């Protein structure tokens, strides 16, 4: 099976995800493609980033050699303070997450199912996994966006009927953004709605690369970035 | 409680830790908030069959996580390398990259160490509960996943929730910027992390700090851990 057109790179996936951010949103970004989203927040939108490391409203990464060990994000990178930053301990960081105070979390994914189940913490071939804060974010954030490649390195679909990898959360995903598609997970297991596809792709081509049945949105369109 | 908790030297601070002890280790995972002088003293002390309770099992020594470039990271790995750990309870045991292996992974593969993996929010809440006299609680986190297997599940407001038990330890190693001799601790930045919760949840809490000051030198408004939770304070510099 050959692709009808190129797939988007990681920056473009992140750029599309960032369009979901609204002014004043509190956002928690996972590691990988999600981290890149902070580079593409639309003009006029101010986002407050929250990190499991105990920071709300941190700024850009510190310049090389200028960071402090006492101000890191959840990926262990040195960040800078924004005016109005707040600091707190892990219990508070997760009260914030579980308590529904995070507007959006963007997580990476190994598999997402038709019902919105997410698997992203355990790769069976490794035999051991890091769960970190992913399960708490999946359960507690108001909106869960998964940013990932549509297919794995050997071409297997990552959007599937049922996850075969261990779950991070059941029925927790709201939106899937991949290198070829934007898919809404309809509530109450009503299925997957294809809303956008990459330039040069079609509903049929995306469906062919997907392991679950897709519904066609009446307003199905090419990816929009602006 | 004693009115001077100052301990002279890291070796002294850990000298009574027996084989088989359970030890909480604070910090998020990087250099900030990690009591690595206490970890080094524990390595030298040599207690064995330990249970280590910490967010990571030591990933910085292979990844540089949370350490400045050019510095040589020290982390929990020194205990796994030395064969002192029988059990690890935490959230992030191995490096994020599949191609990197830490000392925990090597010990795990040799079947020397057992792993209890806990979602991070559940992990800190179990510790908080342990310090606050709450024996158990329900959380939606992990419901329907393998980390909830064998646990009681109840539905509240239409949502499946998992019962989680409180977590305590024999010792807690925490790290703060400043202590006074009464054991009040002041933290800075993201180096709070798991330290305040862990300080409350152990029989003996040992704080590694940059400096120790007389009572009154920490603004009461800036006390992050009240001294009632802290048994020993040891300074990184005299």
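The values are calculated or read from the model by the stated rules, or taken from the named source; none is laboratory data. Just so it is clear, the model here is predicted, and its values are computed rather than measured. For neighbour counting, all protein chains shown are included, and Cβ atoms are generated from backbone atoms with ideal geometry for every residue, glycine included.
Going through (1) crowded, with 22+ Cβ neighbours inside 10 Å; (2) in a strand (DSSP E or B) one by one, residue A:74 falls short only on (2). Look through the stretch A:41-58, keep the residues that are over 22 Å from residue B:96 (Cβ atoms) and within 13 Å of another protein chain (Cβ to nearest Cβ), and return whichever of them is surrounded by the fewest Cβ atoms within 10 Å (Cβ to Cβ). Out of the qualifying residues, it is A:57. Only a single criterion out of (1) out of contact with any helix residue (DSSP H, G or I) (no Cβ under 9 Å at 6 or more places or on another chain); (2) within 17 Å of residue B:209 (Cα to Cα) is not satisfied by residue B:35, namely (1).
In the stretch A:127-149, which residue that is surrounded by 24 or more Cβ atoms within 10 Å (Cβ to Cβ) and part of a loop (DSSP other than H, G, I, E, B) is farthest from the other protein chains (Cβ to nearest Cβ)? The extreme case among them is A:148. Among residues of the stretch B:75-92 being in contact (Cβ under 8 Å) with a residue 40 or more places away in the chain and not in a strand (DSSP E or B), the one that is nearest to the other protein chains (Cβ to nearest Cβ) is B:75. On the stretch given as the stretch B:131-167, residues that are more than 11 Å from chain A (Cβ to nearest Cβ) and in contact (Cβ under 8 Å) with a residue 40 or more places away in the chain total 3.
Is there a residue being surrounded by fewer than 18 Cβ atoms within 10 Å (Cβ to Cβ), within 17 Å of residue B:29 (Cα to Cα) and within 19 Å of the chain's Cα centre (by Cα) anywhere in the stretch A:25-40?
Filtering the stretch A:25-40 for residues surrounded by fewer than 18 Cβ atoms within 10 Å (Cβ to Cβ) gives A:31, A:39-40.
Keeping just the survivors that are within 17 Å of residue B:29 (Cα to Cα) gives A:31.
Then keep just the ones that are within 19 Å of the chain's Cα centre (by Cα); that gives A:31.
Scanning the stretch A:25-40, I find at least one residue that is surrounded by fewer than 18 Cβ atoms within 10 Å (Cβ to Cβ), within 17 Å of residue B:29 (Cα to Cα) and within 19 Å of the chain's Cα centre (by Cα), so the answer is yes.
Just to be sure, is residue A:31 within 9 Å of chain B (Cβ to nearest Cβ), in a loop (DSSP other than H, G, I, E, B) and closer than 24 Å to residue A:153 by Cα? Yes, satisfied.
All told, residue A:10 falls short of being within 14 Å of chain B (Cβ to nearest Cβ) and surrounded by fewer than 17 Cβ atoms within 10 Å (Cβ to Cβ). Quick check on the stretch A:71-96: of everything there that is out of contact with any strand residue (DSSP E or B) (no Cβ under 8 Å at 6 or more places or on another chain) and within 7 Å of another protein chain (Cβ to nearest Cβ), which residue is modelled with the lowest pLDDT? It comes out as A:76.
Residue count for the stretch A:179-198, restricted to those that are more than 16 Å from the chain's Cα centre (by Cα) and more than 16 Å from residue A:19 (Cβ to Cβ): 9. Among the candidates B:54, B:60, B:22, B:15, the residue that is buried (at least 24 other Cβ atoms within 10 Å of the Cβ) and under 20 Å from residue B:204 (Cα atoms) is uniquely B:54. If you go through the stretch B:24-63 and keep only what is more than 14 Å from chain A (Cβ to nearest Cβ) and touching a residue at least 40 places away in the same chain (Cβ under 8 Å), you end up with B:37, B:38, B:39, B:42, B:43, B:51.
Return the total of residues in the stretch A:97-116 being surrounded by fewer than 24 Cβ atoms within 10 Å (Cβ to Cβ), within 11 Å of chain B (Cβ to nearest Cβ) and either in a strand (DSSP E or B) or under 19 Å from the mean Cα position of the chain (by Cα) (or both). Within the stretch A:97-116, residues that are surrounded by fewer than 24 Cβ atoms within 10 Å (Cβ to Cβ), within 11 Å of chain B (Cβ to nearest Cβ) and either in a strand (DSSP E or B) or under 19 Å from the mean Cα position of the chain (by Cα) (or both) number 4. Across the stretch A:208-223, the qualifying residues are those that are closer than 20 Å to residue A:117 by Cβ and surrounded by 15 or more Cβ atoms within 10 Å (Cβ to Cβ), and the one among them that is farthest from the chain's Cα centre (by Cα) is A:215. Every condition in (1) within 29 Å of residue A:78 (Cβ to Cβ); (2) within 17 Å of the chain's Cα centre (by Cα) is met by residue B:81 except one, and the failing one is (2). Could you tell me whether the stretch B:98-106 includes any residue that is free of Cβ contacts under 8 Å to residues at least 24 places away in the same chain, facing another protein chain (nearest Cβ under 8 Å) and touching a strand residue (DSSP E or B) at 6+ places or on another chain (Cβ under 9 Å)? For the stretch B:98-106, residues free of Cβ contacts under 8 Å to residues at least 24 places away in the same chain, facing another protein chain (nearest Cβ under 8 Å) and touching a strand residue (DSSP E or B) at 6+ places or on another chain (Cβ under 9 Å): absent. One residue alone among B:179, B:193, B:201 is away from chain A (no Cβ under 13 Å), touching a residue at least 40 places away in the same chain (Cβ under 8 Å) and crowded, with 20+ Cβ neighbours inside 10 Å, and that residue is B:179. Of the residues B:147, B:167, which is modelled with pLDDT of 95 or more, over 21 Å from residue A:141 (Cα atoms) and touching a strand residue (DSSP E or B) at 6+ places or on another chain (Cβ under 9 Å)? Every option except B:167 fails the conditions. Residue A:87: under 12 Å from the mean Cα position of the chain (by Cα) and either surrounded by fewer than 24 Cβ atoms within 10 Å (Cβ to Cβ) or over 26 Å from residue A:182 (Cβ atoms) (or both), yes or no? So residue A:87 fails the test.
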